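In what follows, a single structure is set out as structure tokens and then discussed.
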Amino acid sequence: MPERVYGHTESGELVTEQMIEELAEEAERGYEPGQLRSRRRGPGRPPMGETAKAVDSVRLEPALRAAAAQRAEEEGTTVSEVIRRALREHLRSA
């Protein structure tokens, strides 16, 4: 029976059950500090500043969401940025 293949590595090597077992054994033995390097997986979202950000959800009625989307399109930005700016302005004026 042919060995099951789970995909391939970046270099094109097939990921087999044997490879998975070897990697799991290596991980179970542990790694020295610094042996694993931190690496971004892809471009991802750009940072918005130096500190961690929180994600909050708000419910918008359809007309308000459509207006925000229209403004974002006109300004070449995102709905999230339109909402952030509106909230900042509201809090400054309070």
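Every number here is computed from the coordinates shown, using simple stated rules; none is lab data. Nothing here was measured: the structure is a model prediction, and the numbers come from that model. Every residue, glycine among them, receives a Cβ derived from its backbone with ideal geometry; neighbour counts consider all protein chains shown.
Please sort 82-90, 25-33 by packing, taking for each peptide the average over its residues of neighbouring beta carbons within 10 angstrom, highest first.
Per-residue mean Cβ counts within 10 Å order the peptides as 82-90, 25-33.
With a sphere of radius 11 Å drawn around the Cβ of R85, what net charge do the other residues whose Cβ falls strictly inside it have (Lys, Arg +1; Asp, Glu -1)?
With Lys, Arg at +1 and Asp, Glu at -1, the neighbours total +1.
Given the peptides 59-65, 7-13, arrange them by the average over their residues of other C-beta atoms within 10 Å, most packed first.
Result, highest mean first: 59-65, 7-13.
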